[in-house]
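Just so it is clear, none of the values below were taken in a lab; they were calculated from the coordinates. Only a predicted model underlies this, so the values are computations on that prediction, with no experimental measurement involved. Here Cβ is always computed from backbone atoms with ideal geometry, including for glycine, and neighbour counts include all displayed protein chains.
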Amino acid sequence: MNYKMIFKSLGMLLICEAIAMIPSLIVSIIYSDSTTKVFSYTISILLAVGIFFAIALKPKNRTIYARDGFAIVAFGWVMISLFGALPFYFSGAIPSFIDCIFETVSGFTTTGSSILQEVESLPKAILFWRSFTHWIGGMGVLILTLALFPITGTGAYQVMIAESPGPIPGKLVPKVANTAKILYKIYISFTLLEIVLLVIAGLPLFDACIHTFGSVGTGGFSSRNASIGSYNNVLVEAIITIFTFMCGVNFSLYYQAIKRDFKAIFKDEEFRFYLGIVLVAILFITVDLYGEAFRSIGESIRYSTFQVVTIITTTGYSTADFDKWPLFSKMILFVLMFIGGCAGSTAGGMKNIRILSLIKSTKTEILRIIHPRGVYSVRIGEKTIEEKYLAQIKSFFFMYMFVFVIAVLIVSLDGFDIATTFSSVAATLSNIGPGFAIVGPMGNYSQMSVLSKLVLSLTMLIGRLEIYPMLLLTIPSFWRKVNI
């Protein structure tokens, strides 16, 4: 382990977090909401610690090994969550530091689960920082660091592998730093475009920014207690639906579109699978809601479309209390929580590429039983998936469900009903936000015990970093000095 390079990288990450707080500081000055000192102090702390690690440490060996990359990502996300919680705590907006950590982890991991029962009375700058954490975490805090402070050598790729969502992360261009810049250019373009469209649709500029951060980051924090439903604006719902769906797509496809290879989007089998699941889920829920929850087919389509897209993209915004919907519709939403978006997107969940690969792998195994002498391979589009990647996907699926079961058992100690217990873990592990019953769209996580809040905060991190970076820290051999 190259500890000096790990701490140096973490120092650069904290400097980036300090820079990321500047917009919130500006908002506090504009609205004069008494949090100017809060953000000034926090930024000063971040810069002091960050500069010390980034500049004072001068490692002779600047190589970042694979294990170093995982350590940087795991420790990095924990550190930004701890420091990112300081504005909530210093301002008094959230008195309990455990609750501050829960809210901050939920923000950076783009989960959107909240312990706050009322948000509209919070200072504007606190609301802004709360939602801006979605935007930072959506594309990846380490990816942002790579875009601002490129790491030389193979280190950047090791960090990208550890943080990128999906089983087979790749570079758009040879240099990882340039890949990070391309991704952020696309991300910023989506952000600015949605803000403009939401303002045109009737939202105040501040509200447009808040909900854009939650949409493109697929997070879900709102500046309204009733979330998007408080506006009752069909155009706003349509804009948010479109952008959350787009950000659930692999961003590499947009790069192909920029290069005028528009066919690449519809040739991508994962995208077609993702689109198919969305359309089928909307159809089933629309039919189930018509006559039961809503009287017109138009209303059924409107609410089912919004909720399906925001759940599968793990955004978690709501326009209706879907906890009161028929059981069939709720079960479909529960399944969508686990599926999530596409690899290389800002969405959480297990990812469509893994689900598709598991389905095809199962089909192949059945064919081998029928025709033992046949030669079969799992293909996604024009590419054959190697056995080692299939093994990794199966291992990931097992670990995902293992973490889910363990977390459910611990949270069950609170004594809540089954719907609350199961959905709270599913919603945090898949970075959704709202679940059902007590933690439903009209509820929150404030009633959870301190133990459950800590466990659910950990499941958010495990889900966002796709299990391995966090779990590797618990393995003794991971810390041995031999570099592999």
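Hey, can you rank 438-449, 190-201, 459-470 by average C-beta count inside 10 Å, highest first? Before the final figure, lay out each step's value.
Numbers: 438-449: 20.0, 190-201: 17.6, 459-470: 23.6.
The most tightly packed comes first, giving 459-470, 438-449, 190-201.
Summing +1 for each Lys or Arg and -1 for each Asp or Glu, what net charge is found among the other residues whose Cβ lies under 10 Å from the Cβ of Ala320? Could you put the intermediate results ahead of the total?
Numbers: positive: Arg302, Lys324; negative: Glu299, Asp321, Asp323.
Net charge around Ala320: -1.
Under 15 Å from the Cβ of Ala437, count the other residues' Cβ atoms, weight Lys and Arg +1, Asp and Glu -1, and hand me the total. Present the calculation step by step, with values, prior to reporting the outcome.
Values: positive: Lys324, Lys330; negative: Asp321, Asp323, Asp414, Asp417.
So the surrounding residues net to -2.
Averaging the Cα positions of each part gives two centres, and for the range 239-289 and the range 17-38 these lie 36 Å apart.
Residue by residue, the range 277-288 carries 3J(HN,Hα) couplings of 4, 4, 5, 5, 5, 4, 4, 5, 5, 4, 4, 5 Hz when phi is fed to the Karplus relation 6.51 cos²θ - 1.76 cosθ + 1.60 (θ = phi - 60°); x denotes Gly or Pro. Taking amide hydrogens as placed 1.01 Å from N in the peptide plane, the amide H of Arg379 sits under 5 Å from those of Ile385, each at least 5 positions away in sequence or on another chain. Amide H contacts of Ala201: none lie under 5 Å away among residues 5 or more positions distant or on a separate chain (H built 1.01 Å from N in the peptide plane; Pro and chain starts excluded). Electrostatic bookkeeping for Phe88 treats Lys and Arg as +1 and Asp and Glu as -1; over the other residues with beta carbon under 12 Å from its beta carbon, the sum is -1. Here the contact order of the range 348-484, divided by its residue count and restricted to Cα pairs under 8 Å and six or more residues apart, works out to 21 percent. Pairs of Cα atoms nearer than 8 Å and 6+ residues apart set the relative contact order; for the range 224-341 it is 31 percent. When shorter helices are ignored and each DSSP H run of at least 4 residues is given -39500 (n - 2.57), the per-residue value for the chain at 222 nm works out to -20000 deg cm²/dmol.
For the peptides 380-391, 397-408, 363-374, 323-334, residues were scored by their other Cβ atoms within 10 Å and the scores averaged per peptide; the highest-first order is 323-334, 397-408, 380-391, 363-374.
Would you work out the relative contact order for the chain, in percent, from Cα pairs under 8 angstrom that are 6 or more residues apart?
18 percent
The lysine pair tally for the range 1-134, using Cα distances under 22 Å and a gap of 8 or more places or different chains, is 5.
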